[in-house]
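Structure, as C-alpha cells:
The values are calculated or read from the model by the stated rules, or taken from the named source; none is laboratory data. All of these numbers come straight from a predicted model, not from anything done at the bench. Backbone-built Cβ (ideal geometry, glycine too); neighbour counts: all protein chains shown. Side chains are part of the model used for accessible areas, which takes the heavy atoms of the whole protein and leaves out ligands, DNA and RNA. Shrake-Rupley method; radii C 1.70, N 1.55, O 1.52, S 1.80 Å.
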Amino acid sequence: MRTKGWFWSWSFSFLLLCGCAQPRILEEVGLVTTYGYDISKKGTILGTMVELTIDPASPKDVVILESEALSVRGIRNNANNKTSKRLASGQLRVILYGEEMLKQGRTGIAETLTSDPSISDMTYLAMADGKARDLLKVKTEHIPDIGNHLYKLIDQNTKGRVMPSATLQEVLHSHFSVGKEPVMPILKKEEGKQGVGFTGVALFKGSKLVGKINTEQSFYLNLIIDKYKGGNKDIEIKSSKLKPMNPQLKKTVASLDSIGGRSNIKLINKEKVEFDLDVKVAGRVLEVTSMIDMGNPENIKLIEKEITKSMKREIEKLIAYCQSKESDALGFGEIYRSSVRHSKLTDKRWYKMFNEAKVNVNVDFSVKRTGLNE
C-alpha cells in the first residue's frame, strides 16, 4: 500500500511540475502562423512571417518578421537573429506565394517544408495577387491578426465550396501525379478598404504558374473536381425567351441555393483521346431577374433548360482555357492513365495529348423547388 501511495504521489507531483514548466517554454517560443515567400530584387527568397504573440505583456497580438536568404531554412535562421524568441512552425496554417515566384516555377518551398515534422499536411497554400509581403502587412480594425484572418478566410470558403481545396498534401499529390495539375486560390489586397478577398484560382503546368481563372469559373472547377454540396450561385442566362426586368440589362440572372452536384469523366476513345464529361446539378431557384411566373410548371422547365445551356457553355469555356494553357487541373489525365493499361504516360506526352483532346460536355440541371417556404 505504501508503495502504491508513493507512486501516485510521485506521479501527481510530476504532472504539476510539467504543468508549471509549459508556460515558461511557450514564452520563449515564437509561433509562426503564416509564411509568405517572394522573389527579392537580388533574386534571393524574401520571407515574411506572421508571428503570434503569446506574451500578455506585449502590446501587439502579432509581429511581422522579414528576412532574405538563398534557402527556406536560411530565411528562418536569419529571422531568428532578429527576434528574442526561437521561431517554431508547429502552428503554421497558411503558406502564401508571391505571384512572381510562381511564374518562375519556384514551388519547391512546399516540398522543403514537408521535411519539417511539425508542419501539418493540412496547411493551406495560396497565391497572392502581387507580392505576399504586401498582403501580409494588411492590418485594420477588423483584421488585427492577418495570419488568423487568412486561415479563416480560406477555411470557410474551402468548406463552402467557393474555392478549391489546396492543402500542402493535395498540392504536392497533384504536382507529382501524371495527368493532374495542382491549383491554388488567389488572394488579393483590396484597395481602399484595406481588406483581403478571393479573386480566382491559379493554374499550373508542372511547377510554373501559367494561367488564372476568375471566381465564376472557380465554381465550375469545383463542380467537376469534387462532389459539390451546399453553397449558392448566381447563374447568368443569355436567352431571348427570358426578358430581364431591367430593359437596360441584356442578361437574366437566376439565384440558386442549396446546390448539389456531381460529375463523371469517362474515356471513350483512347486513340484520338476523347472524353465524356457528365455533370448532374440540382438547386433551389430563389430568384430570377426576369418577368416570368415561377408558379407555372412550363416556366420551370424553361428555366432548367436555359440554366443547363448556360452551365454547359461555361464548362466548355473552362476546359478550352485549361487546354490552351496545357494545364490539366480537371484531372482528365488521371482518368486516361487509369483507363489505359501500360500507358506509360509522362507529363510531357500528356500536355500535348490534353491540348488536342476532345471533351463532350453533358449537363443535367434540375430545380429542387422554388422559394424559401415551399
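So, of the residues in the stretch 149-165 that are touching a helix residue (DSSP H, G or I) at 6+ places or on another chain (Cβ under 9 Å) and open to solvent by 40 Å² or more (accessible area, probe 1.4 Å), which turns out to be farthest from MET127 (Cα to Cα)? Outline the logic, then answer.
Let us first name the residues in the stretch 149-165 that are touching a helix residue (DSSP H, G or I) at 6+ places or on another chain (Cβ under 9 Å), namely 150, 161-165.
Keeping just the survivors that are open to solvent by 40 Å² or more (accessible area, probe 1.4 Å) gives 161-162, 165.
Working: ARG161: 18, VAL162: 16, SER165: 13 Å.
For the stretch 149-165, the residue satisfying everything is ARG161.
If you go through the stretch 311-319 one residue at a time, do you hit one that is within 19 Å of ARG161 (Cα to Cα) and open to solvent by 40 Å² or more (accessible area, probe 1.4 Å)? The answer is yes; a qualifying residue exists.
Residues in the stretch 166-193 that are assigned to a loop (DSSP other than H, G, I, E, B) and either among the hydrophobic types (A, V, I, L, M, F, W, C) or surrounded by fewer than 17 Cβ atoms within 10 Å (Cβ to Cβ) (or both): ALA166, SER177, VAL178, GLU190, GLU191, GLY192, LYS193. Taken over the stretch 242-270, the criterion of being under 21 Å from ASN362 (Cβ atoms) and not in a strand (DSSP E or B) is satisfied by LYS270 alone.
Here's the yes/no breakdown for (1) free of Cβ contacts under 8 Å to residues at least 40 places away in the same chain; (2) part of a helix (DSSP H, G or I); (3) among the acidic types (Asp, Glu):
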position	(1), (2), (3)
LYS272	no, no, no
VAL279	no, no, no
ILE292	no, no, no
ASN299	yes, yes, no
ILE303	no, yes, no
GLU306	no, yes, yes
LEU318	no, yes, no
GLU334	no, yes, yes
LYS348	yes, yes, no
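Answer yes or no: is there a residue in the stretch 282-301 that is closer than 30 Å to PHE354 by Cα and open to solvent by 80 Å² or more (accessible area, probe 1.4 Å).
Here is the first cut: in the stretch 282-301, the ones closer than 30 Å to PHE354 by Cα are 282.
Cutting the leftovers down to open to solvent by 80 Å² or more (accessible area, probe 1.4 Å) gives us none.
Scanning the stretch 282-301 turns up no residue that is closer than 30 Å to PHE354 by Cα and open to solvent by 80 Å² or more (accessible area, probe 1.4 Å).
Checking each residue of the stretch 194-210 against the condition of being over 19 Å from the mean Cα position of the chain (by Cα) and modelled with pLDDT under 90 gives at least one match. Go through the residues of the stretch 353-367 one by one and say whether even a single one is of a type outside the set (S, T, N, Q), at pLDDT below 95 and more than 26 Å from LYS266 (Cβ to Cβ). Yes, because at least one residue in the stretch 353-367 is of a type outside the set (S, T, N, Q), at pLDDT below 95 and more than 26 Å from LYS266 (Cβ to Cβ). Checked against the criteria, ASN232 counts as open to solvent by 30 Å² or more (accessible area, probe 1.4 Å) and under 15 Å from PHE365 (Cα atoms).
Checking every residue in the stretch 260-281 against the condition of being within 14 Å of ILE307 (Cα to Cα), loosely packed, with under 14 Cβ neighbours inside 10 Å and not β-branched (Val, Ile, Thr) gives zero matches.
Out of VAL359, VAL367, I need the residue that is in contact (Cβ under 8 Å) with a residue 24 or more places away in the chain, in contact with an Asp or Glu (Cβ under 7 Å, 6 or more places away or on another chain) and in a strand (DSSP E or B). Which one? Give the derivation first.
Numbers: VAL359 fails: in contact with an Asp or Glu (Cβ under 7 Å, 6 or more places away or on another chain).
Exactly one residue qualifies, and that residue is VAL367.
Among the residues of the stretch 149-165 satisfying the criterion of being in contact (Cβ under 8 Å) with a residue 60 or more places away in the chain and in a helix (DSSP H, G or I), which is nearest to VAL196 (Cα to Cα)? It would help to see each step written out before you state the result.
Initially, the stretch 149-165 is screened for residues in contact (Cβ under 8 Å) with a residue 60 or more places away in the chain, giving 150-151, 154, 160-162, 164-165.
With in a helix (DSSP H, G or I) added as a condition, the list becomes 150-151, 154.
On the way: LEU150: 8, TYR151: 12, ILE154: 11 Å.
Here the residue is LEU150.
Considering only residues of the stretch 306-364 that are farther than 24 Å from ILE237 by Cα and of a type in the set (Phe, Trp, Tyr), which is nearest to the chain's Cα centre (by Cα)? Lay out the reasoning, then the answer.
Step one: of the stretch 306-364, the residues farther than 24 Å from ILE237 by Cα are 323-358.
Still in the list and also of a type in the set (Phe, Trp, Tyr): 332, 336, 350-351, 354.
Working: PHE332: 20, TYR336: 25, TRP350: 24, TYR351: 23, PHE354: 23 Å.
Taking the candidates together, the pick is PHE332.
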